[in-house]
1. Look through Ala456, Ala445 and report the one residue that is crowded, with 20+ Cβ neighbours inside 10 Å and either basic (Lys, Arg) or touching a helix residue (DSSP H, G or I) at 6+ places or on another chain (Cβ under 8 Å) (or both).
2. Can you give me the ranges of the strands (runs of 3 or more DSSP E) entirely in segment 1-72 with at least 3 residues that are under 29 Å from Arg140 (Cα atoms)?
3. For segment 119-164, enumerate the residues that are of a type in the set (A, V, I, L, M, F, W, C), in contact (Cβ under 8 Å) with a residue 12 or more places away in the chain and within 30 Å of Val522 (Cβ to Cβ).
4. Could you list, in sequence order, all residues of segment 77-103 that are in contact with an Asp or Glu (Cβ under 8 Å, 6 or more places away or on another chain) and in a helix (DSSP H, G or I)?
5. In segment 522-545, what count of residues is obtained for those that are among the β-branched types (Val, Ile, Thr) and assigned to a helix (DSSP H, G or I)?
6. May I ask you to list the residues in segment 67-90 that are out of contact with any helix residue (DSSP H, G or I) (no Cβ under 8 Å at 6 or more places or on another chain) and surrounded by fewer than 16 Cβ atoms within 10 Å (Cβ to Cβ)?
7. Can you tell me which residues in segment 345-395 are of a type in the set (Asp, Glu) and under 19 Å from the mean Cα position of the chain (by Cα)?
Amino acid sequence: MASFDLSIVQSERLFPRTKQVEEQATALSLVDATTANFALTNAIWLFERPSRVDDKNFKLVDHLRESFRVALDAYPQWCGHLKAVTTTNGTVDDEAKHLPPHARRYGRIYAHYGTSEDSGVEFITAKSSATLDEIYSSSRTADQPLWDRQKVPLKDFVPPTSIASALRPNKPSEGGLRDPLLAIQITELSCGGFILAAKITHPLADISALIRFVKDWALVSGSTLAGEPEPSLVPVFDPLRLDASAAGDINADKPDATILQETESLPLHRYDWWAPSPNAPWPTSVPDVFEVEDLTPAGQVMPWSEWDVNAPVSDYLVHLSRDQVEFLHKEATAGGSSKCSQHDAVVAHIWSCIIRARNLGGDTGPVHCDLVYGLRPVLQLGDNFVGSPSIMINVEMSGVEVAATAESKGSVETLLLQPIAQRVRETIRKIGQPAQVAAFLHRLAYEKSPQRLWQAFLGRRHILVTSWVRAGIYEVDFGLGSRIRYADDVVPNMDGVILIKEAPPSRDVSSASPQSWTENGVDVAIHICQDDMQRLLQDPLLLPRLHNET
């Protein structure tokens with residue numbers, strides 16, 4: 001594994017340029033609250049040497065710091081605190097007494113900001129003697145379509161700052177600082193390039209919201225450098241707008257039984273964190289406030305026997321070219337009877353390869369693709385809606401069905417993607433209706449704790465697929481004359497975690513939005529246990545061989 005020296009130059013807390021925000025307590029959405037125990041939202045951008053650095057009077061870090069503070073004016077909630085309701089009788093601190101009843105139930109979360117105790121944002125500047133070429137090769141997609149990411153520890157460039165959680169106390173340190181909700185690190189490289197890394201607590205921002213902020217920051221930067229007026233930034237932080245989409249009256253004392261019944265057929269897991277299991281790798285933890293209650297099961301017991309949490313896990317990035325994606329899509333729609341997207345085809349293909357690698361090709365039991373599904377489109381929230389509005393849906397088939405291949409002439413195995421991609425699309429349609437989501441939100445409003453249930457699992461029979469497609473990760477332009485060479489994710493290295501994103505644009509392509517998200521190919525980050533990964537890498541179907549290849 002490569003290692004790079006890195007030294008912290010400065011670590012400081014930044015606040016919006018103007019401090020004219022009145023004290024506010026804003027309830028996060030029902031869905032935001034479910035993510036309180038999730039991993040942080042992380043992203044890393046590798047920028048080539050900016051042409052601006054040739055100007056001796058230009059200070060990159062100073063410029064980025066000031067434009068960052070301007071952008072924070074539109075995101076004041078990211079500088080405050082997250083708090084959780086810890087009672088079951090609706091009693092809350094004074095600042096939250098105005099919240100609607102459903103937002104004052106146990107485990108619900110709100111942002112409190114505009115006070116003298118706001119934590120601000122951690123802003124770290126660092127230096128490294130490494131060059132961009134040493135960290136990431138610009139020819140990676142062509143030379144290394146199967147890239148072992150553990151050989152290049154990009155996570156070392158992520159700010160080491162501890163991020164606050166709504167579910168644990170956030171007491172001041174010896175220096176009087178509380179943990180922030182967002183941390184940024186800018187690392188200047190010896191070649192003149194730099195790395196930008198950001199991480200934020202998940203309830204406040206999914207990847208779409210985080211990238212939205214970074215693009216707004218870049219917009220301020222570019223306008224300043226061009227001598228133009230400051231842009232008007234219009235993120236929408238209105239979490240209760242999502243809650244307003246729920247069916248029925250979610251502020252009533254009891255749920256509507258008819259609506260609850262409607263949710264029973266939805267393709268969603270209900271794994272119960274509080275349900276005791278003899279196979280659990282750690283003790284079951286029920287909140288103290290519920291210990292006196294005889295809690296009825298809210299969902300299924302976690303199938304811990306399927307997940308060896310101690311097994312070593314490999315992390316590879318699989319690159320599929322645009323032509324390979326088109327080939328997969330053609331295979332998935334063979335005969336014209338099945339309508340699915342290119343994304344469906346990629347999901348189906350990767351799932352199929354992983355199931356074969358796990359030796360489940362002859363298994364008639366269920367296997368699951370737990371697919372993160374964003375709610376912005378179905379609820380018409382808009383691309384500028386800030387928060388974490390997503391759920392995880394259960395695409396379910398048997399191991400035999402998902403791993404299926406067929407033999408063609410010459411005993412060469414070919415893909416049978418159509419049934420798998422069709423199941424992916426059918427499952428999305430089942431949940432992707434406003435009425436279905438509305439019923440789900442109604443039920444969620446009455447769960448004893450939003451964090452009690454998990455709509456996914458990991459291990460041998462599950463994959464958890466997150467997609468950054470169309471989030472605009474390569475559309476960040478600070479106006480520095482600096483091209484993004486690569487943008488990376490930082491997700492838990494656990495057996496079954498999958499992330500799909502656009503591949504980096506070629507050197508002759510600008511940072512403008514491409515005509516198609518597959519224009520430069522697709523990168524799929526795959527985390528599975530080491531033995532399975534070795535079989536996956538040897539699968540001749542993983543990288544489809546096109547007819548025009550020799």
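Each value in this text was obtained by applying a stated rule to the coordinates, not by laboratory testing. All values derive from a computational prediction rather than experimental measurement. With ideal geometry, Cβ positions are generated from the backbone for all residues, glycine too; neighbour counts draw on all protein chains shown.
1. Numbers: Ala456 fails: either basic (Lys, Arg) or touching a helix residue (DSSP H, G or I) at 6+ places or on another chain (Cβ under 8 Å) (or both).
Going through Ala456, Ala445 in turn, the sole match is Ala445.
2. Details: elements: 7-14, 24-27, 41-47.
Strands (runs of 3 or more DSSP E) meeting the threshold: 41-47.
3. Of all residues in segment 119-164, those of a type in the set (A, V, I, L, M, F, W, C) come to 121, 123-124, 126, 130, 132, 135, 142, 146-147, 152, 154, 157-158, 163-164.
Checking which are in contact (Cβ under 8 Å) with a residue 12 or more places away in the chain leaves us with 121, 123-124, 126, 130, 132, 135, 146-147, 152, 154, 157-158, 163-164.
The answer is Ala130, Leu132, Ile135, Leu146, Trp147, Val152, Leu154, Phe157, Val158, Ile163.
4. Cys79, Glu95, His102, Ala103
5. Of segment 522-545, the ones among the β-branched types (Val, Ile, Thr) are 522, 524, 526, 528.
Those left that are additionally assigned to a helix (DSSP H, G or I): none.
Qualifying residue count for the region: 0.
6. Residue satisfying the conditions is Asn89 alone.
7. Quick first cut of segment 345-395, residues of a type in the set (Asp, Glu) only: 363, 370, 383.
Asp370, Asp383 - these are the residues of segment 345-395 that are of a type in the set (Asp, Glu) and under 19 Å from the mean Cα position of the chain (by Cα).
Matching residues to (1) in a helix (DSSP H, G or I); (2) among the acidic types (Asp, Glu); (3) buried (at least 20 other Cβ atoms within 10 Å of the Cβ):
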position: Ser305; (1), (2), (3): yes, no, no
position: Asp315; (1), (2), (3): no, yes, no
position: Val318; (1), (2), (3): no, no, yes
position: Leu328; (1), (2), (3): yes, no, yes
position: Glu331; (1), (2), (3): yes, yes, no
position: Val346; (1), (2), (3): yes, no, yes
position: His349; (1), (2), (3): yes, no, yes
position: Cys353; (1), (2), (3): yes, no, yes
position: Val367; (1), (2), (3): no, no, yes
